[in-house]
1. Consider residue 73 carefully, then state whether it is of a type outside the set (D, E, K, R) and at positive phi.
2. Could you say whether any residue in region 77-90 is more than 28 Å from residue 123 (Cβ to Cβ), touching a Lys or Arg at 6+ places or on another chain (Cβ under 9 Å) and either at pLDDT below 95 or β-branched (Val, Ile, Thr) (or both)?
3. Looking only at region 11-47, how many residues end up being in contact (Cβ under 8 Å) with a residue 60 or more places away in the chain and within 30 Å of residue 122 (Cα to Cα)?
4. Scanning region 45-77 for residues that are of a type in the set (Val, Ile, Thr), farther than 18 Å from residue 5 by Cα and touching an Asp or Glu at 6+ places or on another chain (Cβ under 9 Å), which turns out surrounded by the fewest Cβ atoms within 10 Å (Cβ to Cβ)?
5. Which members of region 3-34 meet the condition of being loosely packed, with under 13 Cβ neighbours inside 10 Å and polar (S, T, N, Q)?
6. Take residue 111 and decide whether it is buried (at least 16 other Cβ atoms within 10 Å of the Cβ) and at pLDDT 95 or above.
7. If the Cβ limit is 8 Å and pairs must be 6+ apart or interchain, which residue in region 48-69 that is in contact (Cβ under 8 Å) with a residue 60 or more places away in the chain pairs with which residue that is basic (Lys, Arg) and not in a loop (DSSP other than H, G, I, E, B)?
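The values are calculated or read from the model by the stated rules, or taken from the named source; none is laboratory data. All figures in this text were calculated on a predicted structure; none of them were measured in a lab. Glycine also receives a Cβ, built like all others from the backbone with ideal geometry; neighbour counts cover every protein chain displayed.
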Amino acid sequence: MGLEGMQVGATARQSVVCGPEHFASRIVAGTPDVFSTPSLGALVEKTAAEWMAGHLEPGQMTVGAQIVINHTGATPEGLTVTAEVRLVAVDGRRFDFEWTAHDGVEQVGYGTHQRFVVDRARFEGRVAGKRGGAGSSGA
């Protein structure tokens, strides 16, 4: 399909049912059993990344570089959170998205997300290089 199929203005969406694995209380003790901000960010990133994956050439992958999350509403267990990402700009390897999220009752979030297309082997080589250098004292 190719990245040329990623047209500014195009959208993608994914949904998840809010369950205990998404609760804010799993991250910060004493907080409510509602859909957490990190879960919202993960849904947005997953939506954009999986959509882009269908347009990549062999050997390419995308990485998230930035996400801005405005979490504006609490979602209790059992409601479905749907994220919609809209491609707003492409600059070389950089893809900029705006996103919104809704839980069937109200909009619960909005923001921006940025992804870059990278060479998988080169990326994995850099990560492996960091692993090899971990723990060395430099002495």
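1. no
2. For region 77-90, residues more than 28 Å from residue 123 (Cβ to Cβ), touching a Lys or Arg at 6+ places or on another chain (Cβ under 9 Å) and either at pLDDT below 95 or β-branched (Val, Ile, Thr) (or both): present.
3. Residues in region 11-47 being in contact (Cβ under 8 Å) with a residue 60 or more places away in the chain and within 30 Å of residue 122 (Cα to Cα): 7 in total.
4. Looking at residues that are of a type in the set (Val, Ile, Thr), farther than 18 Å from residue 5 by Cα and touching an Asp or Glu at 6+ places or on another chain (Cβ under 9 Å), I get 72.
5. 7, 31
6. Answer is yes for this residue.
7. 48/115; 49/115; 52/115; 59/120; 60/120; 61/120; 63/115
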